Amino acid sequence: MSIPDENRAVVRSLTWHTPDIFELGVEHPGCAFVPGDCVALYQRQGTASRPYSIASGIHDETWRFLIRRLPGGEVSADLAQCAPGDSVRITPPFGWFRPGQDASGSSAVFVATGTGIAPFWSYLRSYPDRPPVRCLYGVRQRADAVAVEWLRERCCLDLAVSRETAPDARHGRVTDLLPSLPLDGATHYYLCGLDTMLDDVSRWLEVRGVGLARIHRECFFNAQ
Ligand SMILES: Cc1cc2nc3c(=O)[nH]c(=O)nc-3n(C[C@H](O)[C@H](O)[C@H](O)COP(=O)(O)OP(=O)(O)OC[C@H]3O[C@@H](n4cnc5c(N)ncnc54)[C@H](O)[C@@H]3O)c2cc1C
């Protein structure tokens with residue numbers, strides 16, 4: 001079933017994972033999506049929108065979004081003030097980023113920074129029996145890494161924390177984890193998050209012979 005271009009969805013929940021990262025749950029708008037799809041969510045005034053990746057599994061009853069509140073952000077800071085019962089404008093799902101689609105789970109690698117983990121949540125919730133061979137997750141502070149234990153139960157996760165040390169993470173950028181990745185000529189690499197990470201990881205893979213057809217990118221944020 002398709003939904004009209006400017007449907008509204010009722011907010012069911014808003015949960016803070018950190019002082020800046022929250023999870024917004026809205027009622028299922030009644031249409032299908034593929035892990036990696038985004039929707040445009042509008043602020044409550046309904047005049048400005050931004051794309052957000054669906055973090056739910058394809059069979060979940062609620063659509064969840066993992067959102068970083070940017071100071072002064074026109075949309076993210078407004079959505080952060082939603083309460084259950086509010087309604088927000090939402091477009092039908094769209095996108096081209098398809099984690100795991102080009103490879104069986106055993107030959108997919110996921111690399112995320114920050115809320116760029118959202119499409120991988122969707123994949124892991126949708127296809128728990130086909131985990132990626134590795135999932136690299138980079139954050140600035142350990143507290144910014146959301147649902148780490150849940151991820152560890154579902155896939156082979158490596159966490160990198162760049163601005164502090166943490167007992168269960170490598171101190172550094174997610175790119176420091178790259179030497180441990182499989183480079184076998186069949187693996188597909190799915191990168192999501194900050195543009196500089198996407199560029200650095202792509203370059204690292206290309207230098208080692210990975211063709212662009214096996215590097216899939218979704219940019220959420222541009223480095224300031
Ligand atoms: C395909 C796609 C999917 C996306 N999915 C998600 C998602 O699932 N979760 C999510 O959190 N975001 C996601 N984003 C980013 C999101 O669309 C918005 O860009 C983000 O929420 C900021 O919008 P805003 O209206 O709040 O801020 P804006 O009003 O656009 O900007 C507010 C201020 O923040 C500054 N700013 C911009 N980038 C940064 C930065 N990296 N760090 C600090 N300040 C910055 C701007 O300069 C500006 O001053 C996605 C983006 C794309 C393109």
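Some observations on this one:
- Most mobile listed residue (Leu136, Leu194, Leu183) in the chain, GNM with C-alpha springs under 10 Å: Leu183
- Once both labels are positioned 7 Å from their Cα atoms along Cα-to-Cβ, the gap between Thr18 and Thr196 label points is 1.6 nm.
- Loop-located GluC sites (Glu not before Pro) across the range 3-46 with a Cβ neighbour count of 13 or fewer within 10 Å are Glu6, with loop assigned by DSSP.
- Between helix 195-207 and the chain: long-axis angle, C-alpha atoms, 0 to 90°, nearest 10: 30 degrees
- Stretchable slack from Ala77 to Trp204, in nm (0.36 nm times residue separation minus alpha-carbon distance): 42.3 nm
- Length available on full extension from Glu149 to Tyr127: 0.36 nm per residue minus the Cα-Cα distance, which gives 6.1 nm.
- Here the residues Cys31, Cys38, ranked from fewest to most Cβ neighbours within 10 Å of their Cβ, fall in the order Cys31, Cys38.
- Computed [θ] at 222 nm, helices only, for the chain once each DSSP H run of length n ≥ 4 contributes -39500 (n - 2.57): -4000 deg cm²/dmol
Where a number appears in this text, it was derived from the coordinates with a stated rule and is not lab data. Please read these numbers as outputs of a predicted model, since none were measured by experiment. No Cβ is skipped: glycine too gets one built from the backbone with ideal geometry, and neighbour counts run over all protein chains shown.
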